[in-house]
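Right, one structure below, let's go through it.
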Amino acid sequence: MANRNFTRVTEFILIGVSESSDLQIPLFFVFLVIYGLTVTGNLSIITLTSVDSRLQTPMYFFLRHLAIINIGNSTVIAPKMLINFLVKKHTTSFYECATQLGGFLDFIVAEIFMLAVMAYDHYVAICNPLLYMVVVSRQACFLLVSLTYLYSFSTTVVVSCCVFSMSYCSSNVINHFYCDTIPLLALSCSDASFPETVVFISASTNLMFSITVVVASYFNIIVSIIRIRSSEGRKRAFSTCASHMTAVSVFYGTLLFMYLQPRNNHSLDTDKMASVFYILVIPMLNPMIYSLRNKEVKAALRKFLTNY
């Protein structure tokens, strides 16, 4: 085979959410507001669950870590995205791109399993209330959170190494607003079959395992709720689970849509809209879905503001 000269890629160009120059400033302010609300809402959850003695329970312990993950995931993507709305050259260096992909994978995998852990926590609280403080003890909480972070980091290392072990030459335009696995695989000038397989197996395994935990937990929760004799108790429990399951369904649905379809069926423009939703919009909504409708959190917020 004849030798061909390639220019090795040292930086990537991000297309962004939209290529229209007229939309850059309006989109900047829209996503600035979204990111600001995300940071404010999740920092509020972290603060309240750390300082208020009434919120020192396993449920709020997991919620605090979900808020940390939400801030981390948004912060990995949003600042660079906002800068690119204001500049003409949307470039990112090779190593900056690798760092962004690693941070994104780390937090998104952690969120997937943290939601599963929270579903298990709900299951124990409703189905085995007498054993709740034994099963979900302080040591168990730390173990579950530690395993979640450790596994997400391990997955990040494996997938990132596979993606960036490929050769990138000549073409360096990423049709996305951040460095993601699918558009990066599409740019490679080497055989991408092995990295594609690793990404597919990792994504499908993580999603299927966590979804199985969530579905099994909520199936047992629903069975237990049906057995509750008090109509008020059933209504309150169903209301809590409905909010939680709505958020979980939307989150998992977008991830399944993104990663569990063959490469040749992908529409990158559609993927970008889905990414905006689960990277930026869902972390903004999570504080309201999980906490701000909660009477205990509202009372803690009022107490905190009064004392402050």
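Just so it is clear, none of the values below were taken in a lab; they were calculated from the coordinates. What you see is a predicted model, and the numbers here were worked out from it, not measured in a lab. Cβ sites come from the backbone with ideal geometry, for glycine too, and all protein chains shown count toward neighbours.
With each label modelled as a point 7 angstrom along the Cα→C-beta vector, the LYS89-VAL215 pair spans 5.0 nm. For the chain, lysine pairs with C-alpha atoms less than 21 angstrom apart, excluding pairs fewer than eight positions apart on the same chain, total 8.
Can you work out the FRET efficiency for the pair ILE289 and SER171, with r the C-beta to C-beta distance and R0 = 30 Å, to the nearest 0.05? Efficiency computed from Cβ-Cβ geometry: 0.15.
Amide H contacts of GLY16 (H built 1.01 Å from N, in plane; Pro and chain starts excluded): HIS176, PHE177 sit under 5 Å, all sequence-distant by 5 or more or on other chains. Rounded to the nearest 20 debye, the dipole magnitude of the range 11-307 is 1420 debye, with +1 charges on Lys and Arg beta carbons, -1 on Asp and Glu beta carbons, and the Cα centre as origin. Of the trypsin sites (Lys or Arg not before Pro) found in the range 174-236, the ones in coil according to DSSP and having at most 10 other Cβ atoms within 10 Å of their Cβ are ARG227, ARG229. Close amide H contacts of CYS169 (hydrogens built in the peptide plane, cut-off under 5 Å, sequence separation of 5 or more or a different chain): VAL9, CYS189. The slack between PHE257 and PHE304, meaning 0.36 nm per residue of separation minus the straight C-alpha distance, is 12.9 nm. Label sites at SER224 and SER50, each approximated as a point 7 angstrom past Cα along Cα to Cβ, lie 3.1 nm apart. Fully extending the segment from VAL135 to ILE13, taken as 0.36 nm per residue of separation minus the present Cα-Cα distance, adds 39.0 nm.
The simple Förster model, with R0 at 25 Å and r as the Cβ-Cβ distance, assigns PHE200 and GLU96 a FRET efficiency of 0.45.
Label-to-label distance for SER146 and ASP22 is 5.7 nm, based on points extended 7 Å past Cα in the beta-carbon direction.
Taken one residue at a time, the phi angles of the range 104-111 give Karplus couplings (6.51, -1.76, 1.60, θ = phi - 60°) of 4, 5, 4, 6, 6, 5, 4, 5 Hz. Gly and Pro are set to x.
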